[in-house]
Structures are given as C-alpha cells and as structure tokens.
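Data block below; observations after.
The values are calculated or read from the model by the stated rules, or taken from the named source; none is laboratory data. Predicted, not measured: the structure shown is a model, and the values here were computed from it. Here the Cβ is made from the backbone with ideal geometry for all residues, glycine too, and neighbour counts use every protein chain on show. For the accessible areas, the whole protein counts, side chains as well, though only heavy atoms, and no ligand, DNA or RNA atoms are used. Shrake-Rupley method; radii C 1.70, N 1.55, O 1.52, S 1.80 Å.
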Amino acid sequence: PNDLAVTEDRVVIKAGEKAEVHATASTAISFTVDDTAVATVASAGAIQVTGVKPGQTTLNVTAAADTKKGIAEKTIKVPVVVTDANGEIPSNDNVKKPAKVTGVKITNLKGGKVKVTWTKQSQKNIKYYVKKTVGKKSAGKSVGSNKTTLSVKKGATVKIKVKAYIYDATGKKLVGSYSKTVTKKTDKK
C-alpha cells in the first residue's frame, strides 16, 4: 500500500499569502491545484500554496506508483480556501447538499476487478464516496469523477453504494444520501 501522508487536511490563506503543506511518501510526490486562478502551487522543500484571489479550490497531492514494490498510486485531496484581505471567506451560498446518487452500474473486469459508474452530478467541486461491501467487510474510497475501478475477490458478491459530498465556503462537508445498493457477482476468472 502507498504510505502517502499529508499533514494538513485544509488550507486557509489570504490572497497574496503562502502556506506550506507537508507530504511524505516512499515514492515521488507530485501536486496540482484544480483552479490556478484561485491558488497556485510550487515546491520549495515543502509544497507551497499561494493564494491568488478569494475562492475555493482543491490541492491534489499524488504519490507515484512503484510496480516493483507493489505500491499503487495514491492521491490525497486538500481543500484550499483563499480569503480576501480582511480574512473574509467569499460568499458561497450556491453550495447545496448534493442530490442522492443515481444510475449506479457495476461491470465485471478481468482479474477480480469491477468498474463502477454512476450518473454525474452537475455541481462543481463535487466528490463521491464509493462504499464496497463483500461479505461482512466494507471499504470505501473518495473519487473526484463518476467512475472508479475496485478490486474484488474473484467469484464474490459485491455490494456497492455511492454518495456525493461537497465542502462549502466554511469548509463544512455537505453529504448527500447514498444511492440504492447495487449487487453483482464477480467473474471467477
């Protein structure tokens, strides 16, 4: 498993200011920011986030895969809020709790994997939490798009449900309802 760790779970800075984000991993770390009009990112030992103008964006910190060591790529998303000179957070009243996720489909892929897709929601900056249950074991992961691939024991029955979430301007997490649970028996191959 990838040992990527990010010490900050949220960055709040004024426009024109810098903040450092510290990340560690045993593989190479790269990073991007979703909206460079709001904040930019560079490296100077630590990851430096610079506020450009008031708004919200997401810092994506990714540790590379190392196939020789069996390490998969891993990304941690850090919400970034840039305030104005007075420390005011831009009004973001249009952020509403996401709707219930619909249209969940599971497709078998070779090698004990399933592809999960669902209907994309129109809200910007929305993320999805995909919960997988096999037998009594559950695991979940957050993704930024409306599809993901999950590993499942071959020939097992998997149950999947998905919910959407978003952060408002204050960093409060707004979570929608889970989709209906969709069940699929995976291929034995």
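Laid out as a table, the results:
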| quantity | calculated |
| --- | --- |
| Out of Val80, Val41, sole residue that is within 22 Å of Ala164 (Cα to Cα) and either outside any loop (DSSP other than H, G, I, E, B) or among the β-branched types (Val, Ile, Thr) (or both) | Val80 |
| Residue within region 46-62 that is closer than 24 Å to Tyr128 by Cα, open to solvent by less than 80 Å² (accessible area, probe 1.4 Å) and assigned to a loop (DSSP other than H, G, I, E, B) present | no |
| Listing of strands (runs of 3 or more DSSP E) fully contained in region 140-189 that carry 2 or more residues being more than 17 Å from Thr117 (Cβ to Cβ) | 157-167, 173-175 |
| Single unsatisfied condition, Arg10 versus (1) exposed (fewer than 13 other Cβ atoms within 10 Å of the Cβ); (2) over 25 Å from Ser122 (Cα atoms); (3) under 15 Å from the mean Cα position of the chain (by Cα) | (2) |
| Members of region 20-34 that are open to solvent by 60 Å² or more (accessible area, probe 1.4 Å) and not in a strand (DSSP E or B) | His22, Ser26, Ala28, Asp34 |
| Among (1) within 20 Å of the chain's Cα centre (by Cα); (2) charged (D, E, K, R); (3) at pLDDT below 90, the one test that Lys110 misses | (1) |
| Failed item, numbered, when Lys110 is tested on (1) surrounded by 15 or more Cβ atoms within 10 Å (Cβ to Cβ); (2) farther than 22 Å from Val78 by Cα; (3) in contact (Cβ under 8 Å) with a residue 60 or more places away in the chain | (1) |
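For (1) surrounded by fewer than 13 Cβ atoms within 10 Å (Cβ to Cβ); (2) touching a residue at least 24 places away in the same chain (Cβ under 8 Å); (3) β-branched (Val, Ile, Thr), each residue gets a yes or a no:
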| position | (1), (2), (3) |
| --- | --- |
| Lys96 | yes, yes, no |
| Gln121 | no, yes, no |
| Ile126 | no, yes, yes |
| Thr133 | no, yes, yes |
| Lys137 | yes, no, no |
| Gly155 | yes, yes, no |
